[in-house]
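**Student:** Sharing a structure, written as C-alpha cells. Questions coming.
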Amino acid sequence: MSEGERFPLGVWMKQIAPRLPSKEQRERLQTLLERVERGDIEAEFDLDDAVQQLPSTAQDWLREKYQGYLQKQRGMELLPGQISILPASQRWVCQKGDCGEDEPVLQEGEEPPECPRHHRKMIRADRRTGDAG
Ligand SMILES: [Zn+2]
C-alpha cells in the first residue's frame, strides 16, 4: 500500500448502490461508478456530491469507513466495529459473530443484504448474539 492512497469511496458506494430505495438514484449512481472506474476525474467529484443524496444511515456508514481509512493511513489497524457512528439498530451485520462485514439499513422493511463473504442473509446488529452460526 502506497502512502497517499485515496479513500476508496467508489468501492463502498458500489456495495450499497444496488440496494438504494430509489430506482432513479440507483441507476444514476451506478452510471457514475462506472465512470469513476474508467478513471473519469469529473465523475469522482460528482461521486462526492452523490454522497449527500444518500440516506443518512449510508452517510454515517461511509463516515465510519472513512475514519477507518484515516486510522489505517496512520498505521493503526482497527478491529471491526471499533469506530461506530451508525447505531446498531441501523446496521446489517453477518450472522457469523467474527465476520466484520456490515452494511447500513437504507430503508425500514428492506430485504436483508447478503454477506459478501459468507453469502448468508445479514441480520440487524442489535440482534446478533455473538455466537450465531
Ligand atoms: Zn460474513
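**Student:** Please go through (1) modelled with pLDDT under 90; (2) in contact with a Phe, Trp or Tyr (Cβ under 8 Å, 6 or more places away or on another chain); (3) β-branched (Val, Ile, Thr) for Thr129 and return the number of the only condition it doesn't satisfy.
**Tutor:** Evaluating Thr129 over (1) modelled with pLDDT under 90; (2) in contact with a Phe, Trp or Tyr (Cβ under 8 Å, 6 or more places away or on another chain); (3) β-branched (Val, Ile, Thr) leaves (2) as the failure.
**Student:** Does Arg120 count as more than 14 Å from Ile16 (Cβ to Cβ) and either within 11 Å of the ligand (Cβ to nearest atom) or touching a strand residue (DSSP E or B) at 6+ places or on another chain (Cβ under 9 Å) (or both)? Full working, then the answer.
**Tutor:** Working: more than 14 Å from Ile16 (Cβ to Cβ): yes; either within 11 Å of the ligand (Cβ to nearest atom) or touching a strand residue (DSSP E or B) at 6+ places or on another chain (Cβ under 9 Å) (or both): yes.
Spelling it out, Arg120 is indeed more than 14 Å from Ile16 (Cβ to Cβ) and either within 11 Å of the ligand (Cβ to nearest atom) or touching a strand residue (DSSP E or B) at 6+ places or on another chain (Cβ under 9 Å) (or both).
**Student:** From Glu64, Glu77, Glu27, grab the single residue that is within 25 Å of Met122 (Cβ to Cβ) and in contact with a Ser or Thr (Cβ under 7 Å, 6 or more places away or on another chain). Give the derivation first.
**Tutor:** On the way: Glu77 fails: in contact with a Ser or Thr (Cβ under 7 Å, 6 or more places away or on another chain); Glu27 fails: in contact with a Ser or Thr (Cβ under 7 Å, 6 or more places away or on another chain).
Selected residue: Glu64, the only one of Glu64, Glu77, Glu27 that is within 25 Å of Met122 (Cβ to Cβ) and in contact with a Ser or Thr (Cβ under 7 Å, 6 or more places away or on another chain).
**Student:** Could you list, in sequence order, all residues of the stretch 68-92 that are without any contact (Cβ under 8 Å) to a residue 24 or more places away in the chain and crowded, with 16+ Cβ neighbours inside 10 Å?
**Tutor:** Selection gives Gly68, Ile83.
**Student:** Tell me the residue from Gln67, Gln95 that is modelled with pLDDT of 90 or more, more than 16 Å from the ligand (Cβ to nearest atom) and of a type outside the set (D, E, K, R), please. Step through it out loud before you land on a result.
**Tutor:** On the way: Gln95 fails: more than 16 Å from the ligand (Cβ to nearest atom).
Criteria check complete, one pass: Gln67.
The values are calculated or read from the model by the stated rules, or taken from the named source; none is laboratory data. Just so it is clear, the structure is predicted and the values come from calculations on it, not from any experiment. For neighbour counting, all protein chains shown are included, and Cβ atoms are generated from backbone atoms with ideal geometry for every residue, glycine included.
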